[in-house]
Amino acid sequence: MLLLTFAVCSAARAAAPKYSNEFLSVGVGARALGMGGAASATAADACAAYWNPALLTTLQPARSAALMHAEYFAGVAKYDFGAFAYRLDSAAAIAATFIRFGVDDILNTTDLIDKDGNFSYDRLSYFSTADYALAFSLAKKMKMAGRSLNVGANAKIVYRSVGKFAAAYGFGIDLGAHCALGRWNFGVMLRDITTTVNVWTYNADALAVPAYVMPSGDTITNSVPGSRTEVTLPKVTLAAARSIRFGNDFSMHAELGLDVTTDGQRNVLVSTGWLNIDPKLGVEGSYKSMVFLRAGVNNVQRISGFGSESHFAVQPNVGVGLRFMGFALDYALTNIGSTGVSTYSNVFSVSYGF
């Protein structure tokens with residue numbers, strides 16, 4: 001399956017842009033974000049549908065609901081997530097997930113000047129640009145070589161809107177697998193395994209610039225892009241996790257994840273023209289499975305300095321969590337993916353298992 005994924009990437013890479021549908025790469029759940037996004041081997045609530053749907057078969061208790069709200073860039077961009085997961089029996093589970101990433105109240109000045117050349121601020125309006133995703137998940141526990149292997153899939157619908165100017169619909173499939181070996185957990189997540197294709201439509205009338213707005217001889221226009229399709233290539237996440245107990249009250253959990261992409265060279269730890277590897281590492285300590293402290297690093301980048309000097313930079317993340325009577329409240333201090341350009345954000349999420 002991994003070889004097939006890389007073959008699909010190689011065949012489609014020339015026509016696909018990098019960073020397509022990136023709002024689906026931000027991550028969900030303050031627990032996982034506090035650990036640097038290392039969660040594809042051990043996500044344990046409704047957030048598992050996002051990180052690795054195969055983990056839905058491990059839900060304890062059988063039902064889980066999760067909500068998250070985050071604001072980035074000093075509150076300009078808002079990210080909302082909600083999910084409900086239900087383990088049907090000991091071997092099957094389903095889930096539904098909703099994600100929205102948007103910037104609201106953007107000033108629209110396209111109608112600021114009337115046909116007589118007058119400025120009228122009454123003609124100003126506002127619009128939103130937002131990305132939406134709705135995913136339905138199915139997971140199944142199987143037997144292979146005498147061991148349990150969990151497999152899962154997401155079928156997701158993507159809708160992207162830029163006010164009245166443009167909109168796109170897309171559809172894609174994710175596949176996941178999980179296996180537990182003693183205190184070790186291993187996970188594989190194949191995002192957009194079929195490639196996710198967004199088909200855009202444009203409102204040429206809304207984009208058009210009236211002739212009376214432009215000075216004589218000016219040819220500036222809001223032209224409609226030539227291509228109406230946007231392809232998101234597959235991304236593979238490999239994860240391994242280990243848990244250690246210290247007596248009856250304390251435990252430690254650590255997880256390593258590797259994001260592998262083939263959509264062109266990225267500024268990550270392993271960076272080539274055809275293959276990129278972006279590691280993320282998270283640790284979590286708990287007391288009586290009620291109080292949790294977390295830390296993680298991710299987003300390793302090479303930063304260029306003056307002349308030929310360069311150095312590696314990493315993004316640190318921290319978080320805390322509380323569990324009581326099925327409720328979980330988690331907090332993370334994290335970034336959207338920068339190593340110093342944008343400010344850190346406070347992320348809260350709540351989940352309930354019943």
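The values are calculated or read from the model by the stated rules, or taken from the named source; none is laboratory data. Since this is a predicted model, take the numbers as computed values, not measurements. Cβ atoms come from the backbone with ideal geometry, glycine included; neighbour counts cover every protein chain shown.
Among the residues of the stretch 286-303 satisfying the criterion of being under 22 Å from the mean Cα position of the chain (by Cα) and more than 12 Å from H253 (Cβ to Cβ), which is surrounded by the most Cβ atoms within 10 Å (Cβ to Cβ)? Working first, answer last.
We begin by selecting, within the stretch 286-303, every residue under 22 Å from the mean Cα position of the chain (by Cα); these are 294-301.
Add one more test, that the residue is more than 12 Å from H253 (Cβ to Cβ), and what stays is 297-301.
Details: V297: 18, N298: 26, N299: 22, V300: 20, Q301: 20.
Checked the stretch 286-303; the qualifying residue surrounded by the most Cβ atoms within 10 Å (Cβ to Cβ) is N298.
Quick check on this structure: which one of S351, S289 is in a loop (DSSP other than H, G, I, E, B) and closer than 23 Å to P61 by Cα? Break it down stepwise before answering.
Numbers: S351 fails: in a loop (DSSP other than H, G, I, E, B).
Residue meeting the stated conditions: S289.
From the residues in the stretch 85-125 that are among the aromatic types (F, W, Y) and free of Cβ contacts under 8 Å to residues at least 12 places away in the same chain, which one is surrounded by the fewest Cβ atoms within 10 Å (Cβ to Cβ)? Talk me through it step by step, then tell me what you get.
Of all residues in the stretch 85-125, those among the aromatic types (F, W, Y) come to 86, 98, 101, 119, 121.
Restricting the remaining residues to those that are free of Cβ contacts under 8 Å to residues at least 12 places away in the same chain gives 119, 121.
Details: F119: 9, Y121: 7.
Among them, the one singled out is Y121.
With respect to the numbered conditions (1) farther than 23 Å from L333 by Cα; (2) touching a Lys or Arg at 6+ places or on another chain (Cβ under 8 Å), which one is the sole condition not fulfilled by L256?
Just one mismatch for L256, condition (1).
Residue by residue through the stretch 100-156, note down the ones that are of a type in the set (K, R), at pLDDT 90 or above and over 30 Å from Y72 (Cβ atoms). Full working, then the answer.
Step one: list which residues in the stretch 100-156 are of a type in the set (K, R), which gives 100, 115, 123, 140-141, 143, 147, 156.
This time we only want the ones that are at pLDDT 90 or above, so: 100, 140-141, 156.
Answer for the stretch 100-156, where residues must be of a type in the set (K, R), at pLDDT 90 or above and over 30 Å from Y72 (Cβ atoms): K140, K141.
Within the stretch 264-275, is even one residue within 20 Å of the chain's Cα centre (by Cα), touching a residue at least 12 places away in the same chain (Cβ under 8 Å) and assigned to a strand (DSSP E or B)?
Within the stretch 264-275 (the criterion being within 20 Å of the chain's Cα centre (by Cα), touching a residue at least 12 places away in the same chain (Cβ under 8 Å) and assigned to a strand (DSSP E or B)), the answer is no, since none of the residues qualifies.
Residue pairs, Cβ under 7 Å, 6 or more apart or interchain, first in the stretch 12-38 and modelled with pLDDT of 90 or more and of a type in the set (D, E, K, R), second buried (at least 19 other Cβ atoms within 10 Å of the Cβ) and not in a loop (DSSP other than H, G, I, E, B). List them.
R31/R294; R31/G319; R31/G321; R31/D330
Output the residue which, of all residues in the stretch 229-263 that are outside any strand (DSSP E or B) and surrounded by fewer than 18 Cβ atoms within 10 Å (Cβ to Cβ), is nearest to the chain's Cα centre (by Cα).
Step one: list which residues in the stretch 229-263 are outside any strand (DSSP E or B), which gives 233-234, 247-249, 262-263.
Those still in the list that are surrounded by fewer than 18 Cβ atoms within 10 Å (Cβ to Cβ) too: 247-249.
Values: G247: 36, N248: 35, D249: 33 Å.
Residue satisfying both the conditions and the ranking: D249.
Select from the stretch 174-206 the residues that are aliphatic (A, V, I, L, M), without any contact (Cβ under 8 Å) to a residue 60 or more places away in the chain and surrounded by fewer than 17 Cβ atoms within 10 Å (Cβ to Cβ) and write down the one among them that is farthest from L59 (Cα to Cα).
A204
Inside the stretch 39-84, can you point out the residues that are more than 16 Å from the chain's Cα centre (by Cα), within 15 Å of V350 (Cβ to Cβ) and without any contact (Cβ under 8 Å) to a residue 60 or more places away in the chain?
Once the filter is applied, which keeps residues that are more than 16 Å from the chain's Cα centre (by Cα), within 15 Å of V350 (Cβ to Cβ) and without any contact (Cβ under 8 Å) to a residue 60 or more places away in the chain, the stretch 39-84 yields A44, F84.
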